[in-house]
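Some notes on the structure that comes next.
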Amino acid sequence: MAFPHQLRQIAGFVRAGEPVVFTLPGFPCKSPNPAKVLGHLPDQGERLSLDFLNTLCEEIERIHPPGARVIICSDGHVFGDLIRVPDDHIDAYADALGHLIQEAGLHRLSVFDLRDVLGDLPHGAKRARVHQGYAPTLEALRAEVRSEGHTLALYRGITRFLVDDTADFTGTRSALQRECRQRAYGVIQRSRAWGDLIAEHHPRAVRLSIHPQPIGAPKFGIRLLDAPDVWTTPWHSAALRRADGTWTLLPRTRARQLGRLVHRHGRPSHYEQG
């Protein structure tokens with residue numbers, strides 16, 4: 001049995017005749033690099049991903065009548081300082097995400113973020129509380145990166161994203177890489193802290209992840225949309241509708257080479273071929 005942990009959790013909801021509850025950390029904010037995204041607000045990539053998650057719940061409902069729901073645990077404020085995105089952009093992204101869910105009638109989805117946990121505290125104070133209360137020590141994390149292949153892959157993947165997301169660094173490439181390696185440890189610390197906080201607030205939920213997960217892991221990895229790289233997310237890219245009607249995610253500069261820009265509600269939405 002490849003996923004015993006998840007099956008035990010799901011069985012609990014089935015026995016109780018309740019909707020299966022999933023938590024999905026993600027949808028933090030758009031990348032700060034304008035070469036990758038169309039702006040700082042959700043666009044067609046997020047619309048498609050939200051629709052996928054709602055459809056997933058509908059499919060579960062076909063075999064488990066109480067259905068399912070996904071709590072999107074928007075984590076932008078958890079590490080906004082480390083990924084160099086202004087807090088007002090993160091707020092605007094999260095608010096627009098909630099509006100998209102309402103607008104499309106995706107009633108199986110909801111959004112949970114630090115405002116639900118720590119209210120109106122200043123963003124820096126929220127981050128400090130989460131880090132102090134839940135994050136692993138830097139020493140422990142460094143040891144794990146050295147000894148566990150999955151954690152090393154995560155560390156390298158996040159470092160790469162931080163390098164790619166930096167648009168205005170004035171130093172050398174090697175200096176940028178050194179800085180991003182340090183920030184990557186902080187991102188993983190805060191991500192772990194956010195995961196523990198989510199588990200505390202939603203203790204029975206089945207944990208999903210937008211990152212690839214090994215078989216038997218406590219998190220179940222899912223892909224929101226097709227992309228050439230399994231690490232690509234809607235918030236690090238732009239959506240391209242191919243000539244055959246299928247969708248993929250690409251860096252904005254690449255999508256622009258392949259299609260024409262489409263606007264929706266007066267804002268850039270996606271690119272379209274043909």
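Data for the structure
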{"read-out": "Pick from the stretch 2-35, criterion at negative phi and in contact with a Leu (Cβ under 9 Å, 6 or more places away or on another chain), ranking: surrounded by the fewest Cβ atoms within 10 Å (Cβ to Cβ)", "value": "23"}
{"read-out": "Counted residues, the stretch 91-125 - those being farther than 19 Å from residue 21 by Cα, open to solvent by 40 Å² or more (accessible area, probe 1.4 Å), among the aliphatic types (A, V, I, L, M) and under 18 Å from the mean Cα position of the chain (by Cα)", "value": "0"}
{"read-out": "The listed residue being free of Cβ contacts under 8 Å to residues at least 60 places away in the same chain, more than 25 Å from residue 215 (Cα to Cα) and in a helix (DSSP H, G or I), out of 107, 89, 131, 77", "value": "77"}
{"read-out": "Pair list, Cβ under 7 Å, 6 or more apart: the stretch 254-274 residue touching a residue at least 24 places away in the same chain (Cβ under 8 Å), other residue open to solvent by 100 Å² or more (accessible area, probe 1.4 Å) and charged (D, E, K, R)", "value": "271/256; 271/260; 272/260"}
{"read-out": "Complete set of residues in the stretch 206-246 that are assigned to a strand (DSSP E or B) and open to solvent by 60 Å² or more (accessible area, probe 1.4 Å)", "value": "220, 241"}
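Conditions tested, residue by residue: (1) farther than 24 Å from residue 8 by Cβ; (2) of a type in the set (A, V, I, L, M); (3) in contact with an Asp or Glu (Cβ under 8 Å, 6 or more places away or on another chain).
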residue	(1), (2), (3)
170	yes, no, no
198	no, yes, no
207	no, no, no
242	yes, no, no
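The values are calculated or read from the model by the stated rules, or taken from the named source; none is laboratory data. All figures in this text were calculated on a predicted structure; none of them were measured in a lab. Note: ideal-geometry Cβ built from the backbone for every residue, glycine included; neighbour counts use all protein chains shown. In case anyone asks, the SASA skips ligands and DNA or RNA and just uses the protein heavy atoms, side chains included. Shrake-Rupley method; radii C 1.70, N 1.55, O 1.52, S 1.80 Å.
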